[in-house]
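Take a look at the structure below.
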Amino acid sequence: MSLTTRLFKVSGSKIQSLYIADSGLHFSSNKFDAEEDFEQSWGKTLTLATKIEIPFDKIKSVTKEDAAKELSIKYKAVLGIGSDCEFSFVDNSNVEVLFNHLQAEHYFTRSEAQLSPFGAIWKHLLGLALVAGVTVFSYNEALAMANGAAYEPSTGRARLFMRLIELLGDKGVLVVGIAIAGYIGYKLVTRFKNPPIQIKLLPPMG
């Protein structure tokens, strides 16, 4: 399949552009309007931009839930260590452009299957546990501040986090924590009762 464009706007952790090269997927934290600009930037060794290269032959799977925008690519990184990259296209119709390219040019096989109830919620369970842990920690820190026993953070992010806790207070921390946990719990129950369909692309067997 011949691509009419190789450059796409995406959204993800520190990535804003995707370029489909002959050898693989190239992600950059910079925005580009022209393919030539991306290629020139990609070739620079001295740059502050975040760059992620995923060769086609290192991809282990590409997955996406039918109603979601996010895609997840699992691949072999340096020294064969497993890694993953999650992102979404600004224009959701470009999902099929990528999928069709992987199937037609790199012989990936595509399948669709409904997730099991547990498979649909395990990430949400982890998120719920994380929120509970952060809420308990923040609540204890808020009480320590009220009693004048809080420690002095050494980093900028830690100081910002402690200021936020101080602003919320112990009751505010609980309200925010319960609200976030309630939303995750709602998503958890909804997904458990009606697991989504997952689209998966797998590379050709070696």
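The values are calculated or read from the model by the stated rules, or taken from the named source; none is laboratory data. No experiment lies behind these values; they were computed from the predicted model shown. Note that each Cβ is placed from the backbone with ideal geometry, even for glycine, and that neighbours are counted across all protein chains shown. Surface areas here come from the heavy atoms of the whole protein model, side chains and all, with no ligands, DNA or RNA. Shrake-Rupley method; radii C 1.70, N 1.55, O 1.52, S 1.80 Å.
Looking at Lys64, Lys123, just one residue is touching a strand residue (DSSP E or B) at 6+ places or on another chain (Cβ under 8 Å) and either open to solvent by 60 Å² or more (accessible area, probe 1.4 Å) or at pLDDT 95 or above (or both), and that residue is Lys64. Only one of the numbered conditions (1) more than 30 Å from Phe8 (Cβ to Cβ); (2) part of a helix (DSSP H, G or I); (3) more than 21 Å from the chain's Cα centre (by Cα) is violated by Ala104, and that is (1). For the stretch 67-90, the set of residues classified as open to solvent by 50 Å² or more (accessible area, probe 1.4 Å), free of Cβ contacts under 8 Å to residues at least 40 places away in the same chain and in a loop (DSSP other than H, G, I, E, B) consists of Lys69, Glu70, Ile81, listed by residue number. At pLDDT 95 or above and either in a helix (DSSP H, G or I) or among the polar types (S, T, N, Q) (or both): does that describe Leu128? Yes: the conditions hold for Leu128. Here the stretch 1-27 is the region considered, the condition is being in a loop (DSSP other than H, G, I, E, B) and touching a residue at least 40 places away in the same chain (Cβ under 8 Å), and the residue that is least open to solvent (accessible area, probe 1.4 Å) is Leu3. Candidates Val134, Val95: the one that is touching a strand residue (DSSP E or B) at 6+ places or on another chain (Cβ under 7 Å), hydrophobic (A, V, I, L, M, F, W, C) and either assigned to a strand (DSSP E or B) or open to solvent by less than 80 Å² (accessible area, probe 1.4 Å) (or both) is Val95. Taking Asn30 as the residue in question, decide whether it is in a loop (DSSP other than H, G, I, E, B) and polar (S, T, N, Q). Considered against the rule, which asks whether it is in a loop (DSSP other than H, G, I, E, B) and polar (S, T, N, Q), Asn30 comes out as yes. Annotation note: Cβ proximity below 7 Å between a residue of the stretch 148-177 that is touching a residue at least 24 places away in the same chain (Cβ under 8 Å) and a residue that is open to solvent by 40 Å² or more (accessible area, probe 1.4 Å) and of a type in the set (Gly, Ala, Ser) (sequence gap 6+ or interchain) occurs for Asp170/Ala146. The single condition from (1) at pLDDT 95 or above; (2) under 17 Å from the mean Cα position of the chain (by Cα) that Gly82 fails is (1). A residue that is modelled with pLDDT under 95, more than 22 Å from the chain's Cα centre (by Cα) and open to solvent by less than 50 Å² (accessible area, probe 1.4 Å) can be found somewhere in the stretch 35-52. Residues in the stretch 160-206 that are among the small types (Gly, Ala, Ser) and closer than 30 Å to Gly119 by Cα were compared, and the one that is surrounded by the fewest Cβ atoms within 10 Å (Cβ to Cβ) is Gly206. The residues in the stretch 137-159 that are open to solvent by less than 40 Å² (accessible area, probe 1.4 Å) and either closer than 27 Å to Asp66 by Cα or assigned to a helix (DSSP H, G or I) (or both) can be counted, and the count is 5.
Cβ separations smaller than 9 Å between residues 6+ apart or across chains give the following pairs from the stretch 93-113 residues that are in contact (Cβ under 8 Å) with a residue 12 or more places away in the chain to residues that are basic (Lys, Arg) and exposed (fewer than 14 other Cβ atoms within 10 Å of the Cβ): Val95/Lys69; Phe99/Arg110; Leu102/Arg110; Gln103/Arg110.
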